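Here's the structure we're looking at; comments come further down.
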Amino acid sequence: MALAGSLAAEPAPPGHVELKVGTEIRQSEIVGESSQFPAGKHVIAWTRAYDLAGAELEHVWQRDGVVECRSNQRIKSARLTTSSWCKVRSPGAWTVEVRRDGKVMTSVAFSVR
């Protein structure tokens with residue numbers, strides 16, 4: 001537990017995931033994070049999972065509510081970073097969801113122009 005005024009980060013809750021989208025990964029971190037990308041670009045969904053060893057997570061990429069790409073990742077350790085990519089060919093409102101057992105854990109939205 002952090003003390004009031006402490007700069008120490010609180011630990012992530014069990015079964016927690018972080019999700020970001022960007023254009024590349026360097027040293028296990030997302031680079032080029034944005035809420036808008038040009039059509040035809042490879043976009044990467046970066047996920048850091050906490051306390052989910054043994055679980056299977058799915059990245060579901062949707063454009064205007066229609067699934068465009070899917071990727072499954074087996075989580076092998078208590079803290080793991082994983083990613084998937086999708087070539088965002090068409091303009092529209094895009095969303096990437098992280099699902100576990102068919103339930104959405106988190107999502108991120110971005111637009112493609």
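Name the residues in the range 38-63 that are loosely packed, with under 12 Cβ neighbours inside 10 Å and not small (Gly, Ala, Ser), would you? Before the answer, list the steps.
Pass one, the range 38-63, residues loosely packed, with under 12 Cβ neighbours inside 10 Å: 38, 40, 42, 54.
Those that are loosely packed, with under 12 Cβ neighbours inside 10 Å and not small (Gly, Ala, Ser): Pro38, His42.
Let me spell it out: the conditions are (1) surrounded by 13 or more Cβ atoms within 10 Å (Cβ to Cβ); (2) touching a residue at least 60 places away in the same chain (Cβ under 8 Å); (3) closer than 21 Å to Arg99 by Cα, and Ser35 meets all of them except one. Which number is the exception?
So the condition that Ser35 fails would be (1).
Do any residues in the range 101-113 that are crowded, with 17+ Cβ neighbours inside 10 Å have Cβ atoms under 6 Å from those of residues that are not in a strand (DSSP E or B), where the two are at least six apart or on different chains, and which pairs are they?
Matching pairs, first to second residue: Phe110/Ser35; Val112/Ala39; Val112/Pro91.
Name the residue that is nearest to Val21 (Cα to Cα), counting only residues in the range 63-103 that are at pLDDT below 95 and among the hydrophobic types (A, V, I, L, M, F, W, C).
Taking the candidates together, the pick is Leu80.
Search the range 69-83 for residues that are in contact (Cβ under 8 Å) with a residue 24 or more places away in the chain and of a type in the set (D, E, K, R) and pair each with any residue that is assigned to a strand (DSSP E or B) and buried (at least 17 other Cβ atoms within 10 Å of the Cβ) when their beta-carbon atoms are under 6 Å apart and the residues are at least 6 apart or on different chains.
Cβ pairs passing all conditions: Arg79/Tyr50.
The values are calculated or read from the model by the stated rules, or taken from the named source; none is laboratory data. Small disclaimer: the values here were computed from a predicted structure and weren't measured. Note that each Cβ is placed from the backbone with ideal geometry, even for glycine, and that neighbours are counted across all protein chains shown.
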